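Remarks on the structure that follows.
The values are calculated or read from the model by the stated rules, or taken from the named source; none is laboratory data. Note that this is a predicted model, so its numbers are computed, not measured. Ideal geometry is used to build each Cβ from the backbone, glycine not excepted, and the neighbour counts take in all protein chains shown. Remember, those area values only see protein heavy atoms, side chains included, never the ligands or the DNA or RNA. Shrake-Rupley method; radii C 1.70, N 1.55, O 1.52, S 1.80 Å.
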Amino acid sequence: MAIRARWALAGAAGCVMLLVATRFAAFHIAVFRNADLATYLGFVDLHRHGAVQSVTGMFVWLCDPQRYVFWAPIVVGIALLRGRPRVAVGVGAILLGANVTTELLKHTLAEPQSAGLVDGWFPVPATLWPSGHSTAAMAAALCLMIASPGRLRPVVAALGAAFAVAVGYSLVANGTHFPADVFGGYLMAATWALLIVAALLAAERRWPSEANVERMSLRAALAPQAVVIAAGVALVCLAALTRPHDAVVYAQDHKQLVLVAAAIATLSVILSTGVMLSLRPSPGATTPGTELTT
């Protein structure tokens with residue numbers, strides 16, 4: 001098996017371990033339960049503003065099942081149009097597998113988060129871990145990146161990570177999910193993506209395609225992620241500068257929200273970048289069939 005396929009399998013195993021750790025921490029470790037609740041309440045407080053409601057509602061709407069069923073044919077179609085039938089089958093498997101597994105877990109592991117008890121009631125139902133919308137958003141972003149030409153994958157990965165973050169924030173702000181649910185959804189999508197990438201890389205080694213492999217430096221691969229991160233930081237700073245006093249007071253009163261929100265964004269970028277790098281042909285690689293062709 002190619003070395004990149006082994007790394008992809010190792011990444012999938014790491015995501016599974018993080019999934020288990022996230023579930024255990026969110027439901028059984030007090031400090032994480034309390035941070036989950038504090039972040040949830042802070043996001044819901046932000047949602048009271050009309051502008052925030054309209055933006056968050058749009059991102060959640062995009063990942064509703066009624067709209068999401070159109071994602072799969074589009075992503076699979078891109079791979080087929082590029083003459084990549086194996087990739088088309090792979091992205092279809094990711095979209096189906098990640099979302100079905102999430103739905104099964106949500107109902108199998110149904111349990112109220114004890115930290116979610118506010119004044120005697122649970123603001124979020126029991127059957128919402130992992131988040132289906134977060135799984136859908138991250139799976140769609142990763143699949144679109146995998147189906148894209150190699151030279152475009154870094155840009156698609158960066159924009160996909162930003163989209164997944166926007167959906168995750170919107171779900172918490174709408175009051176339908178705790179942050180831990182979002183973490184679980186991201187990790188579920190990445191687990192399936194890395195497993196399928198490993199299979200695609202192994203198949204490419206066994207049955208090499210005739211397509212040319214485009215080499216890409218690590219700097220070129222990571223540049224779009226850096227731009228998206230800088231743009232996100234600039235957007236936050238711009239929003240804070242419009243009402244600096246209110247922004248400082250809010251950040252001081254919601255320190256856990258700031259930390260957890262940063263963790264959500266960081267995880268999204270790491271997962272999308274990790275999957276993208278597992279597909280990146282090494283600049284010095286010369287052995288055919290060891291990389292997933294573009």
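Using the Karplus relation 6.51 cos²θ - 1.76 cosθ + 1.60 with θ = phi - 60°, the per-residue 3J(HN,Hα) values for the range 139-147 come to 4, 5, 5, 5, 5, 5, 5, 5, 6 Hz, with x marking Gly and Pro. The order of 45, 36 by accessible area, most exposed first and with a 1.4 Å probe, is 45, 36.
Mind grabbing the accessible area of residue 278 for me, 1.4 Å probe, Å², rounded to tens? Around 10 Å² of this residue is reachable by solvent.
Counting 0.36 nm for each residue step from residue 235 to residue 255 and taking away their Cα separation leaves a gain of 5.3 nm. At an R0 of 41 angstrom, the distance between the Cβ atoms of residue 54 and residue 152 translates into a FRET efficiency of 0.85. Between residue 223 and residue 74, the FRET efficiency estimated from the beta carbon spacing at R0 = 25 angstrom works out to 0.45. Taking amide H positions as modeled 1.01 Å from N, with prolines and chain starts lacking one, the residues under 5 Å from residue 128 and 5 or more places away or on another chain are 111. Would you please give the FRET efficiency between residue 64 and residue 110, computed as 1/(1 + (r/R0)^6) with r the Cβ-Cβ distance and R0 = 22 Å, to the nearest 0.05? The pair residue 64/residue 110 has a calculated efficiency of 0.55. On a per residue basis, the range 1-115 carries 55 Å² of accessible surface, using protein heavy atoms and a 1.4 Å probe.
Other residues whose C-beta falls under 14 angstrom from the C-beta of residue 132 contribute a net charge of -1, scoring Lys and Arg +1 and Asp and Glu -1. Annotation for the range 1-106: trypsin sites (Lys or Arg not before Pro) lying in DSSP loop with at most 16 further Cβ atoms inside 10 Å of their Cβ are 48, 82. When +1 charges are put on Lys and Arg Cβ atoms and -1 charges on Asp and Glu Cβ atoms, the dipole computed for the range 14-85 relative to its Cα centre reaches about 260 debye. For the set 58, 216, 138, solvent exposure ranked by accessible area (probe 1.4 Å, protein chains only) runs largest to smallest as 58, 216, 138.
Positive contributions from Lys and Arg (+1) and negative ones from Asp and Glu (-1), summed over other residues with Cβ under 14 Å from the Cβ of residue 38, come out at -1.
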